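Let me begin by presenting the structure, written as structure tokens, before commenting on it.
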Amino acid sequence: MEFTIEKVPWITTPLIKSNQLSGIAGCNVFLKLENLQPSGSFKSRGVGNFLLAALRRQQSQPSSTNGPAAPIHFYCSSGGNAGLGCVHAAVTLGCPATIVVPLSTKPFMVEKLRTAGASNVIQEGETWAEADKYLREVLMAEAKQSDEGGETAVYVPPFDAQDIWDGNSTVVEEILEQLKEAEKHYKIAKDESTPSAPVLPDVIICSVGGGGLLNGICQGIDKAGLSSQVKVIAMETLGADSLSQSIKKKELITLPGITSIATHLGARRVSAKAFENGLRDMVVSDVAPDAAAVEVCRRIADEQRLLVEPACGVCLVPIYDGSLSRLVPGLRPESNVVVVMCGGSAISLEILADFVERYPYTFE
């Protein structure tokens, strides 16, 4: 493979206004469709940018007297979405990628990784933490020992790296630009006293696993100078709520295990940066049960024609259950709420139907 850094392994995704969700919430609700990224989730941004940064650093190094630098081989541990983000970006940039997944990963996702172009998919360990340990301590060590005259092995973290946060911050840049154009396409409720004022987000809702998306969103808001104006609602499912529990205890905690079905929120410990952001005044943490997240997935499949994982569906729980006004008091009809539909590829109609049957739920 010949690599190129002239490509960008993620796309500008649509921002749409949902009249149905706006009616339920009593304000303008927009959906940022990260489920349409090439890998099926927002991971295309952060992981894709990490790979780009690694290639740029390699290219900026002085050429060796022994010839050009060895090609990079990327290694990532992931239950699915980060791995898919890594594989798509690597293939796009012309590099090989090996993915290590836990034994609990469904054949459905393993096949997706292989179809996407992974050089190798290895199953190891009962949990992501065990798969990651095997990758770092065994596989990476073996790969580096064989680097001479071969490939340069680069470890790709799923969420805890500045390059990943930089990539994820681009979602805020896009949201701000797209909101400027929203009135060309939708009827937007606005403050009649300032009809010419720009359309800006008052609230951005995202889900939290390890915190890479949260960190990127906070970084993007800070860069835009809007940290005093925008609230971020950080959603987790019960049983994968490491950020919420850390905030309550005012210390970075590690969950004993993940019991939520939203396995792609399954980081037992969020990054230190995510904990730091979680303590900021601009961030509001909330937790919802699996069943509520599943019911959201069912409803948005029917109402919005979108098929996403419970790890994404949890973001819309505050709108459907009416808790949005509790989390962010003072919202008005002209307030603008943007929900980052982070997506996820570990879902199908059959899987969703099974979830709905096993986790019945009705919003009051």
Let a ≥ b ≥ c be the square roots of the eigenvalues of the Cα gyration tensor of region 44-156; is it rounded (a/c under 1.5), or, if not, prolate (a/b larger than b/c) or oblate?
prolate
Answer in debye to the nearest 20: the dipole magnitude of the chain about its Cα centre, from +1 Lys/Arg and -1 Asp/Glu charges placed on Cβ, is 380
Angle, helix 81-93 long axis vs. longest principal axis of the chain, Cα atoms, 0 to 90°, nearest 10?
60
Name the residue from Leu306, Ala143, Gly330 whose Cα lies farthest towards the positive end of the charge dipole of the chain, charges +1 on Cβ of Lys and Arg and -1 on Cβ of Asp and Glu.
Gly330
Report, in debye and to the nearest 20, how large the dipole of region 44-156 comes out about its Cα centre when Lys and Arg carry +1 and Asp and Glu carry -1 on their Cβ.
460
What 222 nm value per residue comes from the helices of the chain, counting each DSSP H run with n ≥ 4 as -39,500 (n - 2.57) and dividing by all residues, nearest 500 deg cm²/dmol?
-11500 deg cm²/dmol
Table column - 3J(HN,Hα) (Hz), region 189-203, Karplus curve with 6.51, -1.76, 1.60, x for Gly and Pro
5, 10, 5, 5, 6, 9, x, 8, 5, x, 7, 10, x, 9, 9
Restricting the count to DSSP beta bridges whose residues both fall in region 44-156, what percent are antiparallel, rounded to a multiple of 5?
5
Post the alpha-carbon centroid distance, region 159-189 to region 288-303, in whole angstrom.
24
Quick check: the distance between the Cα centres of region 239-286 and region 87-111, to the nearest angstrom?
26
Quick one: helix 107-116 against the long Cα principal axis of the chain, what's the angle to the nearest 10°, folded into 0 to 90?
70
Run the numbers on region 44-156 and let me know its relative contact order in percent, using alpha-carbon pairs under 8 Å that are six or more apart.
30
In degrees, nearest 10, range 0 to 90: what is the angle between the Cα axis of helix 43-60 and the longest Cα principal axis of the chain?
40
Check which residues have an amide H placed less than 5 Å from Val100's amide H, if you skip close sequence neighbours.
Cys76, Ser77, Ser78, Ile122
From the phi of every residue in region 271-286, what ³J(HN,Hα) in whole Hz does the Karplus formula 6.51 cos²θ - 1.76 cosθ + 1.60 yield, where θ is phi - 60° and glycine or proline is x?
5, 4, 5, 5, 4, 4, 5, x, 8, 6, 4, 6, 9, 10, 9, 8
Mean Cβ-within-10 Å packing, highest first, puts peptides 299-311, 71-83, 103-115, 248-260 in the order 71-83, 299-311, 103-115, 248-260
Counting only DSSP beta bridges fully inside the chain, the antiparallel percentage to nearest 5 is 15
Where a ≥ b ≥ c are root eigenvalues of the Cα gyration tensor, a/c under 1.5 meaning rounded, otherwise prolate if a/b exceeds b/c and oblate otherwise, region 197-293 counts as prolate
Starting with the fewest neighbours, write out Thr127, Thr12 ranked by other beta-carbon atoms found within 10 Å of each beta-carbon.
Thr12, Thr127
Positive-end extreme of charge dipole, the chain - chosen from Ile24, Val287, Gly266 (charges on Cβ)
Ile24
Enumerate the calculated ³J(HN,Hα) couplings along region 246-257 in order (Karplus 6.51 cos²θ - 1.76 cosθ + 1.60, θ = phi - 60°), each rounded to whole Hz, writing x wherever the residue is Gly or Pro.
5, 5, 4, 8, 6, 8, 6, 10, 10, 5, x, x
Given H placed on each backbone N at 1.01 Å, which residues far from Asn28 in sequence or on other chains put an amide H within less than 5 Å of it?
Ser335, Val337
Between beta-carbons, use under 11 Å as the cut-off and find the net charge around Ala262, counting Lys and Arg +1, Asp and Glu -1.
-4
Cα-Cα over 21 Å: which of Lys223/Lys273; Lys43/Lys112; Lys43/Lys273; Lys7/Lys184; Lys17/Lys190?
Lys7/Lys184
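Rule-based calculations on the coordinates, nothing more; no lab input. Computed from a predicted model, the values in this text were never measured in an experiment. Heads up, the Cβs are rebuilt from the backbone with ideal geometry, glycines too, and the neighbour counts pull from every protein chain shown.
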